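Accompanying notes for the structure given below.
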Amino acid sequence: MAATLAGFGLGAIPTINTLVVQWAVPKRLLGASMGAIFFSITMGMAIAPAVLGPVMNTAYAKKLETTLPAGLNQFADQATITALSDPKALLSPAAMKGLEATFAKEGIYGNDLFRQTVRSIRTSMESGLRAVFLLGAVTMLISFLLILTVPEVSMDAVVEDMKSPQPAVAGKEAE
């Protein structure tokens, strides 16, 4: 429910930002101001995954270290442990089948260890996603507080252009 409300709110932001910029600048600067706002949006879309990806991976790895079953180090080889450190292992059916086959070789104990390992991966994934959403919520709160500082500009207000028009030189027109 909260994600749905946030999505509706975030979906309206580009339209509102466009209108605010269009009302707040003189007509001669409209193109430059719109270019600046869309450049900022594009940079945000490029930078956000570069920041949020490592946050997700770091939180996942830290939680995984503490939640993996105790007997796993004795049973699994280093390649299996390394494969578990990739959060995509839970999302790949082929990786999960391979992991299950590796654990199945140990019989009933292996199946129980497999279930515990999958539970550990899920818990770690949840922890990573929680960190990403928490960082996003803090960022949205800071953005909201910054938006509160933007002065109100009426739609009916005329934005004055501070740059005065240059008078034409009489000598150049006569030529």
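The values are calculated or read from the model by the stated rules, or taken from the named source; none is laboratory data. If you're wondering where the values come from, they're calculated on a predicted model, not measured in any experiment. We place every Cβ from the backbone using ideal geometry, glycine too, and count neighbours over all the protein chains shown. Ligands, DNA and RNA are excluded from the accessible area calculation, which covers all protein heavy atoms including side chains. Shrake-Rupley method; radii C 1.70, N 1.55, O 1.52, S 1.80 Å.
Any idea how many Lys pairs in the chain come in under 17 angstrom at the alpha carbon, given 8 or more places apart or on separate chains?
On the way: K27/K163; K62/K88; K63/K88; K88/K97; K97/K105.
Counting lysine pairs in the chain gives 5.
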Accessible surface, the range 4-126, averaged per residue in Å² (probe 1.4 Å): 64
Computed over the range 51-146: relative contact order in percent, which uses C-alpha pairs under 8 Å that are six or more apart: 47
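Calculate, for F39 and L135, the FRET efficiency according to 1/(1 + (r/R0)^6) with r their C-beta to C-beta distance and R0 25 Å; round to the nearest 0.05.
0.60
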V55/M162 FRET efficiency (R0 30 Å; Cβ-Cβ; nearest 0.05): 0.10
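Whenever you get a sec, line up I41, I16, I108 from highest to lowest accessible area (probe 1.4 Å, protein heavy atoms). Can you show the working numbers first?
Details: I41 60, I16 95, I108 145 Å².
Of I41, I16, I108, the descending order of accessible area is I108, I16, I41.
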Histogram of C-alpha separations across the chain, 5 Å bin width, %: 1, 6, 10, 13, 11, 9, 8, 7, 7, 6, 5, 4, 4, 3, 2, 1, 1, 1, 0, 0
Between the range 1-57 and the range 110-134, the Cα center-to-center distance that results, in Å: 33
Share of carbon and sulfur in the accessible heavy-atom surface of the range 1-78 [1.4 Å probe, %]: 71
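Below 8 Å, C-alpha to C-alpha, sequence gap of six or more: please give me the relative contact order for the chain in percent.
Numbers: 84 pairs, mean separation 50.9, N = 175.
In percent, rounded to a whole number, it is 29.
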Helix 93-104 vs. the chain, principal-axis angle (Cα, 0 to 90°, nearest 10): 20
Between 0 and 90°, nearest 10: helix 108-147 axis offset from the chain longest Cα axis: 20
Simple label model, 7 Å out from Cα along Cβ direction - T4 to T82, nm: 4.5
Value at 222 nm in deg cm²/dmol, rounded to 500, when DSSP H runs of n ≥ 4 in the chain each add -39,500 (n - 2.57): -25000 deg cm²/dmol
